[in-house]
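Below you'll find the structure I mean.
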Amino acid sequence: MLISSQGQQVTGYGHNDTNNNWKIIPTKALPETGRGRIVRNEDVFQLLHINTQSYLLTHDVASPLMPTNQEFTTWPKDDHSRHNDTLFQLVLVNGNPNEAWKTKSGHFRLLHVPTKVSMWTHTEQLPDWAFKQQEINGNKNPTEKTATWFADSIILEGMLIFFFLTCCQSKLTLL
């Protein structure tokens with residue numbers, strides 16, 4: 001098994017900054033107005049990192065600190081060759097089918113569609129080169145209790161939906 005693709009690593013830490021900002025890219029057609037634009041339980045989408053204009057991606061490559069888990073990295077927005085590896089499903093904890101995603105109270109798991117791993121982090125810090133941030137990786141046990149996240153805020157600007165993720169006191173960012 002390959003360990004690390006040497007791509008841009010997705011990491012987490014306990015404070016807000018612009019590296020926490022991701023845009024939800026729907027995979028289905030949305031109406032221009034109305035309730036159909038709400039992100040709901042079991043929706044599939046891509047996550048575009050605002051600062052780098054790259055998609056969140058995971059694949060069957062071992063993460064640097066947890067070789068049993070999958071690496072989380074990003075992929076260039078204009079390169080569609082890895083489209084399926086950038087698809088994620090929102091799974092609300094104790095959510096009903098079609099339930100709307102909410103900030104703070106809408107605890108969820110982010111499930112990678114092709115490999116069925118959940119986005120996860122742990123308390124072990126990365127080395128100095130990563131500024132003591134936490135590794136974000138794909139847990140192969142998709143129902144792991146610690147793979148639960150919530151959105152600090154969801155902002156709707158025109159057709160754009162932005163959100164800021166938090167898990168275990170860690171913010172999702174890009175290194």
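Consider the range 22-65. How many of its residues are within 19 Å of residue 88 (Cβ to Cβ) and either at pLDDT below 80 or among the hydrophobic types (A, V, I, L, M, F, W, C) (or both)?
16
Something else: Find the strands (runs of 3 or more DSSP E) located wholly in the range 102-149 whose residues include 1 or more that are farther than 19 Å from residue 11 by Cβ, and list them.
On the way: elements: 108-112, 118-125, 134-139.
So the answer is 108-112.
Just for the range 86-116: of the residues that are in contact (Cβ under 8 Å) with a residue 24 or more places away in the chain and among the polar types (S, T, N, Q), which one is surrounded by the most Cβ atoms within 10 Å (Cβ to Cβ)?
86
Could you give every pair whose Cβ atoms fall below 8 Å, whose first residue belongs to the range 117-139 and is exposed (fewer than 11 other Cβ atoms within 10 Å of the Cβ), and whose second residue is at pLDDT 80 or above, counting only separations of at least 6 or pairs across chains?
123/134; 124/65; 124/134; 124/135
Within the range 100-157, how many residues are at pLDDT 90 or above and of a type in the set (Gly, Ala, Ser)?
2
The values are calculated or read from the model by the stated rules, or taken from the named source; none is laboratory data. Computed from a predicted structure; not experimentally measured. Neighbour counts run over all protein chains shown; Cβ positions are idealised from the backbone, glycine included.
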